[in-house]
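This report concerns only the one structure given below.
The values are calculated or read from the model by the stated rules, or taken from the named source; none is laboratory data. From a predicted model like this one, the values you see are computed outputs, not experimental measurements. Cβ sites come from the backbone with ideal geometry, for glycine too, and all protein chains shown count toward neighbours. SASA here: full protein model, heavy atoms, side chains in, ligands and nucleic acids out. Shrake-Rupley method; radii C 1.70, N 1.55, O 1.52, S 1.80 Å.
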Amino acid sequence: ETGVTQSPTHLIKTRGQQVTLRCSSQSGHNTVSWYQQALGQGPQFIFQYYREEENGRGNFPPRFSGLQFPNYSSELNVNALELDDSALYLCASSLVNTGDLRSGYTFGSGTRLTVV
Amino acid sequence: DAKTTQPPSMDCAEGRAANLPCNHSTISGNEYVYWYRQIHSQGPQYIIHGLKNNETNEMASLIITEDRKSSTLILPHATLRDTAVYYCIVRVILSQFYFGTGTSLTVIP
């Protein structure tokens with residue numbers, strides 16, 4: 001059973017640029033969520049995708065967007081990067097179905113984004 | 001917003017039980033209690049979860065009070081590799097996880 005893999009592991013971008021982060025869900029998982037974790041803080045929920053549709057969003061501006069593909073992999077796109085976007089970005093996948101009342105998430109190791 | 005309260009830090013001697021408390025006084029009847037931990041520079045790792053009853057797995061035990069307003073995660077024999085930030089989260093099924101700042105557990109040799 002493969003886990004959640006994220007790429008790249010580290011990235012440096014310049015303020016104003018755009019970035020795309022990628023995530024491959026754990027085999028058999030159909031839901032993916034993205035989290036932003038600033039230094040010293042807990043992860044903050046960005047959004048969640050289920051069956052290629054966004055079905056939940058945290059308090060993040062529209063320049064944070066995402067995609068989920070038919071194979072359940074996912075992308076997080078951030079436009080017009082700001083210095084405060086520097087953080088660890090975590091992807092988490094889960095299997096959600098009507099019979100599963102207890103699904104938890106499997107997290108990847110994250111992408112460390114530095115905006116300079 | 002996080003709906004749990006945890007102490008910011010705790011120490012535990014290696015080989016002893018680590019008891020990590022969590023208050024969730026506003027928990028709803030359909031919210032589960034989850035525990036995750038995050039070792040430095042890694043993604044959060046699932047430990048255990050429960051609704052009403054106490055739960056045990058190969059990693060830890062979860063004790064939930066009868067009124068469900070608090071819980072305790074127990075690591076029975078702490079090792080140095082258990083040094084991590086531990087997050088207590090309450091969550092309705094199919095919803096997202098709201099993390100607080102967690103408890104930083106340091107296991108001391």
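With viscosity set to 0.692 mPa s at 37 °C, what whole-number translational diffusion coefficient in µm²/s follows for the stretch B:43-86 from Stokes-Einstein and a Kirkwood radius over Cα pairs? Before the final figure, lay out each step's value.
Details: Rh = 11.5 Å.
In µm²/s, the coefficient rounds to 286.
Compute the signed sum of charges (Lys and Arg +1, Asp and Glu -1) over the other residues within less than 14 Å, Cβ to Cβ, of A:T114.
Working: positive: A:K13, A:R15, A:R112; negative: A:E82, A:D84, A:D85.
Local charge sum for A:T114: 0.
Considering only A:L88, A:L11, A:L76, give the residue with the highest GNM mean-square fluctuation for chain A, with springs between Cα atoms whenever their separation is below 10 Å.
Of the options given, A:L11 has the highest mean-square fluctuation.
How much area per residue is accessible in the stretch B:1-105 when the probe is 1.4 Å and only protein heavy atoms are counted (Å²)?
Numbers: 5230 Å² over 105 residues.
Roughly 50 Å² per residue, with all protein chains present.
Express the Stokes-Einstein translational diffusion coefficient of the protein assembly as shown in µm² s⁻¹, to the nearest whole number, given a Kirkwood radius over alpha-carbon pairs, 10 °C and a viscosity of 1.306 mPa s. Display every interim value, and only then the final one.
Values: Rh = 18.1 Å.
My calculation gives 88 µm²/s for D.
Compute the distance in nm between two label points, each set 7 Å from the Cα along the Cα-to-Cβ direction, one at B:I39 and one at B:E66.
With each label point 7 Å from Cα toward Cβ, the separation is 3.9 nm.
GNM on chain B, C-alpha springs below 10 Å: top fluctuator among B:S95, B:S61, B:S71?
Of B:S95, B:S61, B:S71, the Gaussian network model singles out B:S95 as fluctuating most.
In nm, to one decimal, how far is the A:E52 label point from the A:T20 one, both placed 7 Å along Cα→Cβ?
Using points 7 Å along Cα→Cβ, the separation is 1.6 nm.
Treating the stretch B:1-108 as a set of equal point scatterers at the Cα positions, no solvent, please give the Debye-formula log₁₀ I(q)/I(0) at q = 0.14 Å⁻¹.
-0.49
Using 1/(1 + (r/R0)^6) with R0 = 25 angstrom and r between the beta carbons of A:H10 and A:N79, what's the FRET efficiency to the nearest 0.05? Mind showing how you got there, number by number?
Values: r = 20 Å, r/R0 = 0.81.
The formula returns an efficiency of 0.80 here.
Given 4 °C and 1.567 mPa s, compute D for the stretch A:14-83 with the Stokes-Einstein relation, Rh being the Kirkwood radius over Cα pairs; round to the nearest whole µm²/s. Could you put the intermediate results ahead of the total?
On the way: Rh = 12.8 Å.
The Stokes-Einstein estimate is 102 µm²/s.
Using the heavy atoms of the protein chains and a 1.4 angstrom probe, tell me the accessible area per residue for the stretch A:23-90 in square angstrom.
Each residue of the stretch A:23-90 exposes 45 Å² on average to a 1.4 Å probe.
In whole angstrom, how far apart do the alpha carbon centroids of the stretch B:32-109 and the stretch A:2-29 sit?
So the two Cα centres are separated by 26 Å.
Suppose we flag trypsin sites (Lys or Arg not before Pro) only when DSSP calls them loop and at most 13 other Cβ atoms lie within 10 Å. Which is the longest uninterrupted stretch of chain B? The partial results should precede the final answer.
Values: sites that count: B:R16, B:K52, B:K69.
With trypsin sites (Lys or Arg not before Pro) excluded where exposed in loops, chain B gives B:70-109 as its longest stretch.
What are the ³J(HN,Hα) couplings of the stretch A:75-91, residue after residue, when phi is run through the Karplus curve with 6.51, -1.76, 1.60 and θ = phi - 60°? Round to Hz, x for glycine and proline.
Listing the rounded values in order: 10, 10, 10, 10, 9, 6, 4, 10, 4, 5, 6, 4, 5, 8, 9, 10, 10 Hz.
Among A:S93, A:S25, A:S65, whose mean-square fluctuation peaks in a Gaussian network model of chain A (Cα, cutoff 10 Å)?
A:S65
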